[in-house]
Amino acid sequence: MSFRKEPSYSHGTVARSAVVLVNLGTPDAPTPKAVRRYLKEFLSDPRVVEIPRLVWWFILHLIILPFRSGKSAKKYESIWTREGSPLKVHTQKQATLLRGALGERGHDALKVVMAMRYGSPSLPEVLDQLRAEHCERIAILPAYPQYSGTTTGSIDDAVFAHYRSVRNVPELRMVKNYHDHDSYIDALHDSVLAHWEANGRGDKLVMSFHGVPKRTLLLGDPYHCECHKTARLLAAKLRLTPEQYVVTFQSRFGKAEWLQPYTAPTLQQLARAGVQRVDLICPGFTSDCLETLEEIAIEAKHEFEAAGGKQFHYIACLNESPSWIGALAEIAEQHIIGWPTMMTPAQREAEKREAEAGRERALQLGAGQ
């Protein structure tokens, strides 16, 4: 096995620390070509689709990509903004605000960037850039509160695969989940209350999480349990009784059984049972995206109203809400403990002097630069 060339290095360079906020990804444009390229990368991940590779190759390339790319492109076009993909825009803003929030907490020596598991900026691309900037300590912070092998596990795969060909591997800290983190639950609570104060309160709160095949639960994936714990903690924070909320799972794909109950059929059942208004929140998505803005705010709304429901209120994702940025900062801070990210001016000056002294020692021992 050969290792990639290391970036140029000068002795005395101060090592840096970084946090990488990683989201799922998005096409570069709402066009069939861009969507096809994105779907091919996404659906080729064995973490996402656990079907024998040869069988899945034919299904993906002969059925899904030729027929789904165009349909998906139209859906992306319906939610695209002047700034670009909502998911990418929100994630970039979150990373920028997170950098500021951590700076206010004293972590002024910490670099914060965003990356996408699929699409651009790609995770390997961002990790390479951090390597060039001599970041020797990197914390990977997924945008997914609940762990699943299909999401966070895939991020871990990509990170470890990237560093297999790197000679000088940095210290890595991987955030697994924060589905029950107090500040995350508080941010969701604030979001729901703000919506209720502005729009009134519905008859039922629906908490819709992204779905995964049921077999992942039976094989040991904790995602289902973590979603329900998030829902239970949020309901308790909102002082809801079990009759006042329901947990559902959306985005079912294929013929296999997925986690139930499914979101759309549940909304139809609620409408037929006489529920006039529902409020729906997607706690597992921290940035609004196709699955929330199109599948929920448009399609699910139509399903509810077509079945007789009168009012459907979608509660936006956390996006750049102050309480969420504060929560992100707290979660990140807990995973960088011990790193030299908080220094007084005197400590910073002492670090520079030590780096210069180290460079002199290295040169005396025969270092090239």
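The values are calculated or read from the model by the stated rules, or taken from the named source; none is laboratory data. Fair warning: this is a prediction, and the values are worked out from it, not measured in the lab. With ideal geometry, Cβ positions are generated from the backbone for all residues, glycine too; neighbour counts draw on all protein chains shown. Only protein heavy atoms, including side chains, enter the accessible area calculation; ligands, DNA and RNA are left aside. Shrake-Rupley method; radii C 1.70, N 1.55, O 1.52, S 1.80 Å.
Figure legend. Inter-residue proximity from the range 53-66: first residues aromatic (Phe, Trp, Tyr), second residues surrounded by 14 or more Cβ atoms within 10 Å (Cβ to Cβ), beta-carbon distance below 8 Å, spacing 6+ or different chains. Indicated pairs: Trp56/Val49. Candidates in the range 144-170 are the residues that are open to solvent by 30 Å² or more (accessible area, probe 1.4 Å) and of a type in the set (Phe, Trp, Tyr); of these, the one that is farthest from Tyr9 (Cα to Cα) is Tyr147. Please work out if Ser323 is at pLDDT below 95, open to solvent by less than 50 Å² (accessible area, probe 1.4 Å) and small (Gly, Ala, Ser). For Ser323, the condition - at pLDDT below 95, open to solvent by less than 50 Å² (accessible area, probe 1.4 Å) and small (Gly, Ala, Ser) - is not met.
The set of residues in the range 228-253 being modelled with pLDDT under 95 and either on the phi > 0 side of the Ramachandran plot or assigned to a helix (DSSP H, G or I) (or both) consists of Ser251 alone. Of everything in the range 77-99 that is over 19 Å from Leu123 (Cα atoms) and touching a residue at least 12 places away in the same chain (Cβ under 8 Å), the residue that is least open to solvent (accessible area, probe 1.4 Å) is Ile79. Taken over the range 254-267, residues that are in a helix (DSSP H, G or I) and either surrounded by fewer than 19 Cβ atoms within 10 Å (Cβ to Cβ) or of a type in the set (A, V, I, L, M) (or both) amount to 3. Across the range 171-185, the qualifying residues are those that are touching a strand residue (DSSP E or B) at 6+ places or on another chain (Cβ under 7 Å) and touching a residue at least 60 places away in the same chain (Cβ under 8 Å), and the one among them that is least open to solvent (accessible area, probe 1.4 Å) is Val175. Set side by side, the residues Ala198, Ala158 differ, and just one is within 24 Å of Ala139 (Cα to Cα) and assigned to a helix (DSSP H, G or I), which is Ala158. Out of all the residues in the range 278-291, is one or more surrounded by fewer than 20 Cβ atoms within 10 Å (Cβ to Cβ) and more than 20 Å from the chain's Cα centre (by Cα)? No, the range 278-291 contains no residue that is surrounded by fewer than 20 Cβ atoms within 10 Å (Cβ to Cβ) and more than 20 Å from the chain's Cα centre (by Cα). For Phe3, the conditions (1) modelled with pLDDT under 95; (2) touching a helix residue (DSSP H, G or I) at 6+ places or on another chain (Cβ under 8 Å) are fulfilled apart from (2). In the range 117-137 there is no residue that is touching a residue at least 60 places away in the same chain (Cβ under 8 Å) and touching a Cys at 6+ places or on another chain (Cβ under 8 Å).
Here the condition is being touching a residue at least 24 places away in the same chain (Cβ under 8 Å), within 13 Å of the chain's Cα centre (by Cα) and under 25 Å from Ser251 (Cβ atoms); of Leu188, Leu141, Leu217, it holds for Leu141 alone.
Of the candidates Ile296, Ile336, Ile315, Ile331, the single residue that is of a type in the set (Val, Ile, Thr), within 24 Å of Gln146 (Cα to Cα), touching a helix residue (DSSP H, G or I) at 6+ places or on another chain (Cβ under 6 Å) and open to solvent by less than 30 Å² (accessible area, probe 1.4 Å) is Ile315.
For the range 93-131, residues that are β-branched (Val, Ile, Thr) and within 21 Å of Gly153 (Cα to Cα) total 2. Within the range 3-17, residues that are farther than 23 Å from Asp108 by Cα and of a type in the set (A, V, I, L, M, F, W, C) reach partners that are open to solvent by 40 Å² or more (accessible area, probe 1.4 Å) and modelled with pLDDT of 85 or more with beta carbons closer than 8 Å, at six or more positions or on different chains, in the pairs Phe3/Arg167. Note on the range 159-184: residues that are among the aliphatic types (A, V, I, L, M) and over 18 Å from Phe3 (Cβ atoms) amount to 2. When the range 191-235 is filtered for residues that are farther than 22 Å from Ser287 by Cα and open to solvent by 70 Å² or more (accessible area, probe 1.4 Å), the ones remaining, listed by number, are Arg201, Asp203, Lys214, Arg215, Leu218, Leu219.
Of the residues that make up the range 174-192, is at least one touching an Asp or Glu at 6+ places or on another chain (Cβ under 8 Å) and under 23 Å from Phe312 (Cβ atoms)? Yes: the range 174-192 contains one or more residues that are touching an Asp or Glu at 6+ places or on another chain (Cβ under 8 Å) and under 23 Å from Phe312 (Cβ atoms).
Only residues that are farther than 21 Å from Thr150 by Cβ and open to solvent by less than 80 Å² (accessible area, probe 1.4 Å) were counted across the range 24-60, and they come to 5.
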